[in-house]
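Structure record follows, encoded as structure tokens.
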Amino acid sequence: MINLKGITKVYGKGNHAATALSGLNLSIEKGEIFGVIGHSGAGKSTLIRCINLLERPTEGEVWVDGIELTKLTQGQLQEQRRKIGMIFQHFNLLSSATVYDNIAFPLRLIGTSRADIDTKVKDLLALVGLEEHRDKYPSQLSGGQKQRVGIARALASDPDVLLCDEATSALDPQTTDSILKLLLDINKRFHLTIVLITHEMHVIQSICDRVAVIHGGGIVEQGKVTEVFLKP
Ligand code: ADP
Ligand code: ADP
């Protein structure tokens, strides 16, 4: 489903150049929940952003669903990106838009009809359990509720892949567990491939099928979670 081949990412130039990833290879299967764990500065954020080319690798190939994204024109890439949803540590919601409008936003961008948007947004509100909160603004929501909006928005374009960039790192343990449970439900229900990066072992152990450990911009170990880490 996702193949990263020889990915190198260097930020900056000359004396200021910083190598975040060096010759990294990674293969993620359709329908699995794949976790990448590592310390701060290991390259996790760069890695996950390279999957949808939010960061463009300096070298290497990114393949998603049989298509080499690194070869596409900007227009073709926009099209392919609809298949890849993303959620963030700090949610990245539009603060001046309601819950409903935040979720509708990506659909309006691609010109979906008003009636289709309404049906879709209502389904998504039900999926994430926020029907009662549809007219609220992000500032009126808890962290967990904000992330539920983030998840609903990410799913609006019916993606095949969901990228989670430290998606539970700003949440308390109980809220983290409820978000992880939601991600697991979504993975099972839609056969959605989920890639998550985290510095928290608990997140990996509670929902991931496989895990890669990243250190210094390279994968140092990977395999089934039960094999790489002993269960607590
Ligand atoms: P992590 O997510 O594991 O904390 P990052 O991918 O954010 O790691 O960072 C990996 C390395 O790349 C770090 O040394 C970081 O300082 C550097 N880095 C990340 N983003 C940039 C950037 N935009 N410009 C320069 N260096 C960066
Ligand atoms: P997060 O992982 O939540 O996005 P980070 O602190 O890793 O937060 O990075 C925040 C932003 O700063 C990102 O866009 C990242 O690419 C950039 N960044 C990270 N490290 C550096 C760095 N050393 N120099 C410049 N920009 C950086």
Only one of 7, 28, 67 that is at pLDDT 95 or above and within 22 Å of residue 208 (Cα to Cα)
28
Read through the list (1) within 28 Å of residue 143 (Cα to Cα); (2) open to solvent by 30 Å² or more (accessible area, probe 1.4 Å); (3) away from ligand 1 (no atom under 16 Å from the Cβ), then give the number of the only condition that residue 102 fails.
(2)
Identify all residues within the stretch 138-171 that are charged (D, E, K, R), open to solvent by less than 30 Å² (accessible area, probe 1.4 Å) and in contact with a helix residue (DSSP H, G or I) (Cβ under 7 Å, 6 or more places away or on another chain); write none if there are none.
165
Scan (1) more than 22 Å from residue 92 (Cα to Cα); (2) touching a helix residue (DSSP H, G or I) at 6+ places or on another chain (Cβ under 7 Å) for the single condition residue 220 breaks and write down its number.
(2)
Of everything in the stretch 72-97, what is more than 16 Å from ligand 2 (Cβ to nearest atom) and open to solvent by less than 20 Å² (accessible area, probe 1.4 Å)? Give them in sequence order.
77, 84, 85, 97
Any residue at all in the stretch 35-46 that is in contact (Cβ under 8 Å) with a residue 40 or more places away in the chain, within 14 Å of ligand 1 (Cβ to nearest atom), open to solvent by 20 Å² or more (accessible area, probe 1.4 Å) and in a helix (DSSP H, G or I)?
yes
Only one of these is away from ligand 2 (no atom under 16 Å from the Cβ) and of a type in the set (Val, Ile, Thr): 198, 175. Name it.
175
Taking residue 118, is it open to solvent by less than 60 Å² (accessible area, probe 1.4 Å), farther than 30 Å from residue 69 by Cα and out of contact with any Asp or Glu (no Cβ under 7 Å at 6 or more places or on another chain)?
yes
Quick one: would you say residue 214 is touching a Ser or Thr at 6+ places or on another chain (Cβ under 8 Å) and assigned to a strand (DSSP E or B)?
no
Test residue 23 against the criterion of being within 16 Å of ligand 2 (Cβ to nearest atom), outside any helix (DSSP H, G or I), touching a residue at least 60 places away in the same chain (Cβ under 8 Å) and open to solvent by less than 70 Å² (accessible area, probe 1.4 Å), and give yes or no.
no
Mind checking whether some residue in the stretch 55-67 is under 20 Å from residue 216 (Cα atoms), within 13 Å of ligand 1 (Cβ to nearest atom), open to solvent by less than 50 Å² (accessible area, probe 1.4 Å) and small (Gly, Ala, Ser)?
no
Residue pairs meeting the criteria (Cβ under 6 Å; at least 6 apart or on separate chains; first within 15 Å of residue 180 (Cα to Cα), in the stretch 150-163; second of a type outside the set (A, V, I, L, M) and open to solvent by 10 Å² or more (accessible area, probe 1.4 Å)):
150/91
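Residues of the stretch 203-231 being surrounded by fewer than 14 Cβ atoms within 10 Å (Cβ to Cβ) and under 23 Å from residue 185 (Cβ atoms), which ones?
224, 226, 231
The values are calculated or read from the model by the stated rules, or taken from the named source; none is laboratory data. The structure displayed is predicted, hence computed values, not measured ones. Every residue, glycine as well, gets a Cβ built from its backbone with ideal geometry; the counts of neighbours run over all protein chains shown. Side chains are part of the model used for accessible areas, which takes the heavy atoms of the whole protein and leaves out ligands, DNA and RNA. Shrake-Rupley method; radii C 1.70, N 1.55, O 1.52, S 1.80 Å.
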